[in-house]
1. Being over 25 Å from PHE23 (Cβ atoms) and modelled with pLDDT of 95 or more is the requirement here; does GLU193 meet it?
2. Here is a check on your reading of the model: is ILE8 out of contact with any His (no Cβ under 7 Å at 6 or more places or on another chain), more than 24 Å from LEU243 (Cα to Cα) and hydrophobic (A, V, I, L, M, F, W, C)?
3. So which residues in the range 1-28 are within 14 Å of ASN216 (Cβ to Cβ) and among the small types (Gly, Ala, Ser)?
4. Identify the single condition in (1) within 17 Å of THR150 (Cα to Cα); (2) at pLDDT 95 or above that PRO233 does not satisfy, given that it satisfies every other one.
5. Farther than 20 Å from ALA126 by Cβ, outside any loop (DSSP other than H, G, I, E, B) and more than 17 Å from the chain's Cα centre (by Cα) - does that describe any residue in the range 15-32?
6. Pick from LEU220, LEU212: which is buried (at least 22 other Cβ atoms within 10 Å of the Cβ) and not in a strand (DSSP E or B)?
7. Evaluate the following for ALA263: is it assigned to a strand (DSSP E or B), in the same structural domain as ALA204 (by TED's automatic domain parsing), within 21 Å of GLY92 (Cα to Cα) and without any contact (Cβ under 8 Å) to a residue 24 or more places away in the chain?
Amino acid sequence: MDYIRIYIAIPDEFQELLIAELFDMDFDGFEEEEHRIIASIAAKDFDDYKREEIERILLHYGDEAFIEKEEIVAPQNWNANWEQSIEPQTIGKFYVRPTWGEAYYGDEYIELLIDPKMAFGTGYHATTRLLLEWIPEVVKGNEEVLDAGTGTGILAIAALKAGAKQAFGFDIDEWSEDNAKENMALNGVDSFEVKLGSTETIPAEKQYDLILANINRNALLDLIPILNAHLKPGGKLLLSGLLEADESTILKVTDKQLLTHVATRQQKEWIALLLSK
């Protein structure tokens, strides 16, 4: 599957805000440089309408914000491109590293080996960090986990290594299924099933103790009722991919689903929500 890469000149102080807006438009890869971001989107998901929408958004950021160029990128080895930039990091109780990063031999952290095919799902983004930090607190042991929009599989793998019994993940991106399975093997995890597709791939009538969904506001608004139907009574729902301004909109939907808002956590303008059924 081909990707479109768009090079956008923008002052550094506005980069996070623009990334948030592009994320809601189905962009799923971002590289931040000085006074520029490079945003990636599947070619099939990009058209003139989205280009015009980006240009409209950039008007709010002043004359220094504009599209520099676009390019089509054929499928490639993303690891080779980013090998020099992705470094090991500690996130809560996890030590996250690619296979080329320095190994961890202590017992203070749980090591997660994640070799990404795309930029999202490496643990670098605040939404991923928020959920990784929360997972060891909500996983008590032997949970069945559903990971909606699994990406690299990092969240489901983290839950399993924290003590969950088994996990099921799905994603609409073609690269995700193979990448999640590769990362599963790297971590010695064999109780994680991954399917290409959306909620239709979830086993019928199946309910889970914990559901993880790090996607975006618009997708979550549609998915919450479906995910709730697959959540066991007493189960936990962890949502992210959200901005601070999205909280009230999401909570209106979860209230209608009789989900109890337990807590909100925040990093910069990004938030994650914990809800209970």
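The values are calculated or read from the model by the stated rules, or taken from the named source; none is laboratory data. Here the structure is a predicted model, which is why all the values come from computation and not from measurement. With ideal geometry, Cβ positions are generated from the backbone for all residues, glycine too; neighbour counts draw on all protein chains shown.
1. Judged against the criteria, GLU193 is a match.
2. No; evaluated as a whole, the condition is false for this residue.
3. If the condition is that a residue be within 14 Å of ASN216 (Cβ to Cβ) and among the small types (Gly, Ala, Ser), then ALA20 is the only one that fits.
4. Against the list (1) within 17 Å of THR150 (Cα to Cα); (2) at pLDDT 95 or above, PRO233 comes up short only on (1).
5. Filtering the range 15-32 for residues farther than 20 Å from ALA126 by Cβ gives none.
No, the range 15-32 contains no residue that is farther than 20 Å from ALA126 by Cβ, outside any loop (DSSP other than H, G, I, E, B) and more than 17 Å from the chain's Cα centre (by Cα).
6. Just one listed residue meets the conditions, LEU220.
7. Details: assigned to a strand (DSSP E or B): yes; in the same structural domain as ALA204 (by TED's automatic domain parsing): yes; within 21 Å of GLY92 (Cα to Cα): yes; without any contact (Cβ under 8 Å) to a residue 24 or more places away in the chain: yes.
Spelling it out, ALA263 is indeed assigned to a strand (DSSP E or B), in the same structural domain as ALA204 (by TED's automatic domain parsing), within 21 Å of GLY92 (Cα to Cα) and without any contact (Cβ under 8 Å) to a residue 24 or more places away in the chain.
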